[in-house]
Amino acid sequence: MVVTTRFIQDIVLFVRNLLRTNLTDPITRSGNEQFIVTAYPKRPVNYPIITVKQINLRSPRRSGMQSELRWTEIELEVRIWARNEIERDKLTQDTFNVLRNNEFGSGSSNDESLHDLQINSGVNVDESGVQGNKSKVFTISYKFMVGV
């Protein structure tokens, strides 16, 4: 990935595409309905779905004295929306494994100049009632170099 002025969008799309390529959708979908998206859809959806979006960006330090390059950290929210706890937990584990196992090697986040994957938090958010949707919100972050 060449870091451009669209680096936030590029990174979100990289993670979305990485998950799309490596996760199996547990249901059959019709039309152009997607399993993994970058925003919660505005039309009705069939669960489960996974959303990926950017939630924070920090550029705390330069890479060296008088350097125009900065170490930058991007934080992403990956949210698993599922029909029950078992499905939520399985998809969360599968998502974590994809991210963890694709840090190094061909086509990895490291190849895309994304370094130091961190899993920052994971929180269950469940709608009330037995039939309510279950979700897991977890945040991840990567560090990368960007020119000023």
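Some notes on this structure:
- Over 21 Å (Cα to Cα) - which of Lys42/Lys143; Lys90/Lys134; Lys90/Lys143 fall in this group: Lys42/Lys143; Lys90/Lys143
- 3J(HN,Hα) from dihedral phi, the stretch 77-88, Karplus parametrisation 6.51/-1.76/1.60, rounded to Hz, x for glycine, proline: 9, 10, 10, 9, 10, 9, 8, 7, 5, 4, 5, 4
- Spin-label pair Thr38-Ser59: with each label point 7 Å from Cα along the Cα-Cβ axis, the two points sit 2.0 nm from one another.
- Once the Cα-Cα distance is subtracted from the 0.36 nm per residue extended length, the Gln9 to Ser128 segment shows a gain of 39.5 nm.
- Ranked list, fewest to most other Cβ atoms within 10 Å of each Cβ, for Glu127, Glu73: Glu127, Glu73
- Förster-model FRET efficiency, 30 Å R0, Asn120 and Leu69, C-beta, rounded to 0.05: 0.80
- Here the average projected area of the convex hull drawn through the C-alpha atoms of the stretch 7-147 stands at 9.4 nm².
- Summed side-chain charge close to Glu33 - residues other than Glu33 whose Cβ falls under 11 Å, Lys, Arg +1, Asp, Glu -1: +1
Read-outs throughout are calculated quantities, based only on the coordinates presented, and are distinct from any laboratory measurement. Since we're looking at a predicted model, the values are computed, not measured. A quick note on method: Cβ atoms are made from the backbone with ideal geometry, for glycine too, and the neighbour counts reach across all protein chains shown.
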